[in-house]
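Just below is one structure, and these are the notes that go with it.
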Amino acid sequence: MVDFVQNTLDGFFIGSSYALLAIGFTLIFGVMRRLNLSYGPSIMLGVFAGTMIYIQLEAGLVFVACATVLGAVLAGIYVERICFWAVGRGAVLASMVSSFAIWMQLEELVTIFFPERTYAFPPLGDFSLEFGPFFIRGAHLVMFLCAAVLTVLLHLLLYKTRFGLALRAVSENPLAAKFMGINTGLVVFSAFALASAIGGVAGFLIASADQQITPLFGLWATFKGLIAMTLGGMGSIPGAIAGGLLLGIIEAQSTWYLGAEYRDLVAYFVLFAFLVFRPGGLFGQRLATQNRLSMQRV
Amino acid sequence: MLELQALSKHFGGVHAVDDLSLTVNRGEIFGLIGPNGSGKSTTVNLICGVLPVTAGTISFEGHDITSAQPHRAVAAGLARTFQNIRLFSHLTVWQNLWVAQGRTDGHESSRFVKRWLAGDSTARRSVSDLIAFAGLSDRGDEYAGNLAFGEQRRLELARALATGPKLLLLDEPAAGMNLEEVRELDERLRQLVERGITILLVEHVMELVMGVTDRIAVLNFGRKIAEGTPAEIQNDEAVQEAYLGSSNKA
């Protein structure tokens, strides 16, 4: 029982970073109704920007964090301009395929400039807390706190400001939004930059908890974000949070009871179970119409 | 105020709008009518910048807006409603108006942040006024998707007004309305003209068009076949032919 609770705690804290990745995916999917496979790789580019100034300039944690977020945002904007702006509005498949191509491009770019397999990343919160039999890593606590603050800020932005209102209007009906004088291109661009910034923070938190980084981080982040988003229900931000936390807990439990080699296997199994029995995800019912919409457009 | 010159739109071999020229003057209600498929909706979509024009120009208050993006047209003072309602059904009545409010105010940098974050009290008051104008005062916090059909139509009109337009394009606003509702709409349109808004009305419902408009243009197969006051149009032979079919063709 103690093990189970400890695993749940660990999974919950790690899951908060998955939730951030899923929120980023959801924002992009919500306003564009298109999948951005390059989301993880653009975060990876940001993380490498962070590790570069850490290794080359021995910069402090704050600078590394800024460089990571900035790198992720710039890479995200690059992806948006190529895959979602230059590739026409109606071309759903073309944008997905081109986002895959940009993924490969970003990964190649990083492996050319960073030929080693792994690089060091500065650690965050090198302490730990104990509550009776339970144990919390400081890095995980910081991860959770940052994720929680960021989620609250995002909620305020989306539900308490006119920018958030415009973003939700574009997400529901882009054509009508245009005729309400909303510059939909600018809203989509901002949503992309915002999602990339959130991803950059997630990337920084994860990399500094692991204290190392590899070019495979892009693949990893795309998978975690995509699975968490699907578990929660595509297009729903509360769903993305719940999906991220659920994925973290599933992974922690299966690592403990079945072994680390079965961790991803179990996660994929749960993903397929959800897709078959509850395709709308945890927060699916309310979004039934939206899902139908996305099906139509794909 | 709005001037179309030799406007054409071809879809492949189909001439949806063909060499159309017309002028809407400030302060009038201008009706655009014609049988189904005569190019009325296409004309609206060309004016608003949804569709690229094949040939011709559109100018609004002396500025060329032929290939302007929709949000630019709105900023210039042009607003529209849709034939099939396109409200933001997951937003409330109030939010539907709030997201559209004051789009023609410009983007002075001093007010920019405030505008985007919270808006000011004048803006809030103007939204409340519009809710009252649309007769939705007790429905402000209802989701637009939950409104009755007539209420949705009224909200669409109010939302277009929220952008602060000088010219309002109404694409079949009376479609599906009963006579009582048409009379209310007639009354609302007259109130808008008194407030200094010019209206281009695309409509099938003749009770509304013949009663409320100052001038009418009639389209058939994308071409303008007549233009004049409602009385002149009602007695126009070409118009009667277009609507009823000419005897020798039948």
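Diagonalise the Cα gyration tensor of chain B and give the resulting equivalent ellipsoid semi-axes, square root of 5 times each eigenvalue, largest first, whole Å. Walk me through the intermediate numbers first.
Working: eigenvalues 208, 93, 48 Å².
Equivalent ellipsoid semi-axes, largest first: 32, 22, 16 Å.
Work out the length of the dipole vector of chain A about its Cα centre, built from +1 on the beta-carbon of each Lys and Arg and -1 on the beta-carbon of each Asp and Glu, and round it to the nearest 20 debye.
On the way: 16 positive and 14 negative charges, 300 e Å.
Charge dipole of chain A: 1440 debye, to the nearest 20.
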Could you work out the local net charge near A:Ala252, counting Lys and Arg as +1, Asp and Glu as -1, over the other residues with Cβ closer than 11 Å to its Cβ?
-2
Where a ≥ b ≥ c are root eigenvalues of the Cα gyration tensor, a/c under 1.5 meaning rounded, otherwise prolate if a/b exceeds b/c and oblate otherwise, region B:130-214 counts as oblate
Mean Cβ neighbour count within 10 Å, used as a protection proxy, ranking A:49-61, A:236-248, B:137-149, B:21-33 highest first
A:236-248, B:21-33, A:49-61, B:137-149
Taking the Cα of B:Thr122, stepping 7 Å toward and past its beta carbon, and measuring to each backbone N in region B:88-104: which are under 14 Å?
B:102-104
Taking +1 at the Cβ of each Lys and Arg and -1 at the Cβ of each Asp and Glu, which of B:Met206, B:Ile85, B:Asn96 sits farthest along the dipole of chain B towards its positive end, judged by Cα position relative to the Cα centre?
B:Asn96
List, largest first, the extents of the alpha carbons of the protein assembly as shown along their principal axes, each in whole Å.
91, 51, 50
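Under the rule a/c < 1.5 gives rounded, and otherwise a/b versus b/c splits prolate from oblate, where does region B:120-178 land using the Cα gyration tensor? Could the numbers behind the result be given before it?
Numbers: a/c = 2.49, a/b = 1.22, b/c = 2.05.
The shape class here is oblate.
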Calculated from DSSP H runs of 4 or more alone, at -39500 (n - 2.57) each and per residue, what is the 222 nm mean residue ellipticity of the protein assembly as shown, nearest 500?
-19000 deg cm²/dmol
Please compute, for the alpha-carbon atoms of region A:1-109, the extent along each of the three principal axes and give them in descending order in Å.
53, 41, 22
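Averaging sequence separations of C-alpha pairs under 8 Å and six or more residues apart, then dividing by the length of region A:94-167, give the relative contact order as a whole percent.
On the way: 28 pairs, mean separation 10.2, N = 74.
The value is 14 percent.
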Averaged over the residues of A:156-162, the number of partner chain Cβ atoms within 10 Å of each residue's own Cβ comes to 3
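Could you pull out the pairs from B:Lys9/B:Lys40; A:Lys160/A:Lys224; B:Lys40/B:Lys166 whose alpha carbons sit more than 19 Å apart here?
On the way: B:Lys9/B:Lys40 12 Å; A:Lys160/A:Lys224 29 Å; B:Lys40/B:Lys166 21 Å.
Beyond 19 Å: A:Lys160/A:Lys224; B:Lys40/B:Lys166.
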Nearest-20 debye value, chain B charge dipole, Cβ charges on Lys, Arg, Asp, Glu
860 debye
Other chains' Cβ within 10 Å of B:206-216 residues: what's the mean?
0
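At a threshold of 8 angstrom on Cα-Cα distance, excluding pairs fewer than six apart, so keeping six or more, what relative contact order does chain A reach in percent? Let's see the in-between values first.
Numbers: 507 pairs, mean separation 103.0, N = 298.
The normalised contact order for chain A reaches 35 percent.
With only Lys, Arg, Asp and Glu charged, each at its Cβ (+1 for the first two, -1 for the last two), find how big the charge dipole of region A:1-114 is about the Cα centre; round to the nearest 20 debye. All intermediate terms of the calculation are to be shown ahead of the outcome.
Values: 4 positive and 6 negative charges, 117 e Å.
Here the size comes out at about 560 debye.
How would you order A:143-154, A:119-130 from highest to lowest mean count of nearby Cβ atoms within 10 Å? Kindly include the intermediate steps, with their values, before the conclusion.
Working: A:143-154: 17.2, A:119-130: 14.7.
Going by the mean number of other Cβ atoms within 10 Å, highest first, we get A:143-154, A:119-130.
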Within 10 Å of each Cβ in peptide B:60-72, how many partner chain Cβ atoms are there on average? Round it to a whole number, please.
2
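Given just the C-alpha atoms of region A:145-233, how large is their convex hull per residue in cubic angstrom?
Values: hull volume 9.9 nm³, N = 89.
Dividing the Cα hull volume of region A:145-233 by its residues yields 112 Å³.
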Ranked output for segments A:16-23, B:228-235, A:276-283 by mean other Cβ atoms within 10 Å, highest leading, reads A:16-23, A:276-283, B:228-235
Estimated inter-spin distance, B:His10 and A:Thr161, nm [label 7 Å along Cα→Cβ]:
4.8 nm
Show log10 I(q)/I(0) for chain A at q = 0.08, 0.11, 0.12, 0.13 Å⁻¹, two decimals, from a solvent-free Debye sum over equal Cα scatterers.
-0.33, -0.64, -0.77, -0.90
Label region B:1-72 by shape, choosing from rounded, prolate and oblate, from the square roots a ≥ b ≥ c of the eigenvalues of the Cα gyration tensor; if a/c is under 1.5 it is rounded, and otherwise prolate applies when a/b is larger than b/c, oblate when it is not.
oblate
Which ³J(HN,Hα) values in Hz, rounded to whole numbers, follow from the phi angles of region B:12-22 under the Karplus curve 6.51 cos²θ - 1.76 cosθ + 1.60, where θ = phi - 60° and Gly and Pro get x?
x, x, 7, 8, 5, 10, 10, 6, 8, 10, 7
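DSSP H helices in chain A with Cα extent of 18 Å or more along the helix axis and mean Kyte-Doolittle hydropathy at least -1.0? Before the final figure, lay out each step's value.
Working: long enough: A:2-32 (44 Å, 1.32); A:39-57 (27 Å, 1.23); A:61-79 (27 Å, 2.45); A:92-113 (32 Å, 1.43); A:138-160 (32 Å, 1.87); A:184-210 (38 Å, 1.70); A:217-232 (22 Å, 1.23); A:237-258 (31 Å, 1.12); A:263-277 (21 Å, 1.97).
Flagged H segments are A:2-32, A:39-57, A:61-79, A:92-113, A:138-160, A:184-210, A:217-232, A:237-258, A:263-277.
None of the figures in this text is laboratory data; all of them are computed from the coordinates on show. Note that the structure is a prediction, hence the values are computed from the model and not measured. Every residue, glycine as well, gets a Cβ built from its backbone with ideal geometry; the counts of neighbours run over all protein chains shown.
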